[in-house]
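Visitor: Can you keep this structure in mind? I'll have questions shortly.
The values are calculated or read from the model by the stated rules, or taken from the named source; none is laboratory data. Bear in mind the structure is a predicted one, so any value in this text is a computation, not a measurement. Neighbour counts run over all protein chains shown; Cβ positions are idealised from the backbone, glycine included. Areas reflect the complete protein model, heavy atoms only, side chains present, ligands, DNA and RNA absent. Shrake-Rupley method; radii C 1.70, N 1.55, O 1.52, S 1.80 Å.
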Amino acid sequence: MICDECGRPATIRFVETVNGEMRLMRLCGECAAARGIGLSFAPLAGPLVNMLMGFLEEVGAQDSVEVPEPACSECGLPYDEFRRTGKLGCAVCYTSFEKELRPLIRRINGSTRHTGRIPTSAPDDVESIREVRRLKVDLERAVRGEEYERAAELRDRIRDLESKRSEGGDDGDV
Amino acid sequence: MGTFEQMLATQPGWLDASGPISNVVLSTRVRLARNLKGVPFPMRADNADLERVRDRTLAAASASNYLSDALVLIMDESSQSKREILVERHLTGREFLRDSPGRAVVIGDRELVSAVINEEDHLRLACLRSGLEPMDAWRLVDRLDTELERNLHYSYSSDWGYLTSCPTNVGTGMRVSVLMHLVGLVRSNRIAQVLGSISKLGLSVRGFYGERSAALGGFFQVSNQMTLGQSEDDIAYMVERVAGQLVTLELEARSELTEKGGRKIEDEVHRAHGILTSARIISPDEMMVLCSSLRFGITEGLIDSVDLATANGLLVSTQPGHLKHFNGRDPGPERRDRMRADLIRRELASGSSA
Ligand SMILES: [Zn+2]
Ligand SMILES: [Zn+2]
């Protein structure tokens, strides 16, 4: 067994994560020490609920000045109970506690926007709302990259989609 | 429609070792969490709501292709021992051991598709596959979901996606779990590093039957942590990719073990087989260790008198709830250890279909 770094005899085998890939590395003592390997390993990933509760505590601590909604306007779930159990009571809880939930969900997922499947029963404009969002991101990029022709094109398409939606009634952009 | 006893007499399809990479991956499960529009989540719903949710969902299930012939179990009418069996077969969570109105389970052919009603969410759909098949399992559960949607209106926001009782499921409501046998990584003491890396890649790990099954037998369940911000295809693909890397690492560790271990490994594997086919008392912990060695021996070609499906089946059929049910009542732990040994001997005597 030889060291993957320097070719000398390797003494340590370990699993490394590089660019989102796990692979087995073989290293000599020196190269391992240079990378600070062999000391501590991340503990087993705990149950999600613990993680969630940890976040809740943090969020709660940060926001201690701002008082959260005491309870959900629809189902009456007290915010304190959500903090204790980590479970919401109804769909409207997502709106009632939005201020508290948004940072929490971002911490878990790195995002707060659903980009997956859409129910067939969802209103038709869900797809167009999503399209507008995508175009706005593209627009920002185009402006930053000084591609003004493309930016103008994108802006027109966004206006187009938005005017079509407002004909339909509500603003819908949640 | 089959009966509960018929279900018990048939091995779950996800244990039959017919899928890809069955030497390391026992099965893949994809589960979708859904709630019905306009009804509080089960925890805040009243009895009338819960029963309405159950009846509407059961009606939708019986109108679908995938679940029209399924076994329907109403929890209010199901004994404690039946419920334990559902938990041990990973059809419901432990929460279903408790009494609560409106709960039901719909179980499709060979337990490969199922719908759990009024657990944490109104509806949890699951599709299972033998071996490493996240994409396949996702596509199937998606088709079932689409069928049910014709009759059910789900709680959904264009911003957050599918709304779930626990915010850790919101978005896709999708959890992809791969059940892996990582005996090589456990034996070569590499498992802690590997599991540390996995959590950095956005996956979480649990033991298949709690932490002991992982520590003793190397049976791990690897799942995605994030449910929002990525499409379902991306999530399924991500889990498949990371699980694939785990497989590579596990196979490397196994071949090192057999190379280095030589006769010693061969001896150990045959000892495990010998105990399983001869012993009269086997505890759950011993069972996990021996079954893990047996599986390892089969996949490394050291044992050919037992097939992989039989070894997989022992993991489930020797669980305490199963033994209690076969006995008619709880025989207590000591008697259960004897029953476990008897059952293993019987299974191994008949389980050499290969
Ligand atoms: Zn080196
Ligand atoms: Zn609520």
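Visitor: Give all pairs with beta carbons closer than 7 Å in which a residue from the stretch B:147-172 that is more than 7 Å from chain A (Cβ to nearest Cβ) meets a residue that is of a type in the set (Lys, Arg) and open to solvent by 10 Å² or more (accessible area, probe 1.4 Å); count only pairs at least 6 apart in sequence or on separate chains.
Guide: B:LEU152/B:ARG56
Visitor: Still on this model: Return the total of residues in the stretch B:256-291 being on the phi < 0 side of the Ramachandran plot and not in a helix (DSSP H, G or I).
Guide: 5
Visitor: Okay, next question. Considering B:ASP234, B:ASP267, which residue is open to solvent by 50 Å² or more (accessible area, probe 1.4 Å) and assigned by TED's automatic domain parsing to the domain that holds B:LEU182?
Guide: B:ASP234
Visitor: Sticking with this one: From the list B:LEU144, B:LEU112, B:LEU140, which one is buried (at least 22 other Cβ atoms within 10 Å of the Cβ) and at pLDDT 95 or above?
Guide: Testing whether each residue is buried (at least 22 other Cβ atoms within 10 Å of the Cβ) and at pLDDT 95 or above leaves just B:LEU144.
Visitor: Residues of the stretch B:189-204 being of a type in the set (Val, Ile, Thr) and open to solvent by 10 Å² or more (accessible area, probe 1.4 Å), which ones?
Guide: Answer for the stretch B:189-204, where residues must be of a type in the set (Val, Ile, Thr) and open to solvent by 10 Å² or more (accessible area, probe 1.4 Å): just B:ILE191.
Visitor: Give the residue that is farthest from the other protein chains (Cβ to nearest Cβ), with candidates limited to residues of the stretch B:38-52 that are surrounded by fewer than 14 Cβ atoms within 10 Å (Cβ to Cβ) and of a type outside the set (S, T, N, Q).
Guide: B:ALA48
Visitor: Sticking with this one: Give me the residue from the stretch B:173-188 that is within 9 Å of chain A (Cβ to nearest Cβ) and farther than 30 Å from A:PHE97 by Cα and, out of that set, surrounded by the fewest Cβ atoms within 10 Å (Cβ to Cβ).
Guide: B:SER188
Visitor: Mind checking which helices (runs of 4 or more DSSP H) fall wholly inside the stretch A:46-96 and carry at least 2 residues that are at pLDDT below 85?
Guide: Once the helices (runs of 4 or more DSSP H) in the stretch A:46-96 are filtered for at least 2 residues that are at pLDDT below 85, what remains is A:48-62.
Visitor: Something else now. Would you check which residues across the stretch A:70-124 are among the aliphatic types (A, V, I, L, M), in contact (Cβ under 8 Å) with a residue 40 or more places away in the chain and out of contact with any Pro (no Cβ under 7 Å at 6 or more places or on another chain) and list them?
Guide: Passing the criteria: only A:ILE108.
Visitor: Against the condition among the small types (Gly, Ala, Ser), open to solvent by 20 Å² or more (accessible area, probe 1.4 Å) and away from ligand 2 (no atom under 16 Å from the Cβ), how does B:SER22 come out, does it pass?
Guide: It is false that B:SER22 is among the small types (Gly, Ala, Ser), open to solvent by 20 Å² or more (accessible area, probe 1.4 Å) and away from ligand 2 (no atom under 16 Å from the Cβ).
Visitor: Hey, any hits in the stretch B:280-288 for a residue that's in contact with a Pro (Cβ under 6 Å, 6 or more places away or on another chain) and closer than 30 Å to B:VAL30 by Cβ?
Guide: no
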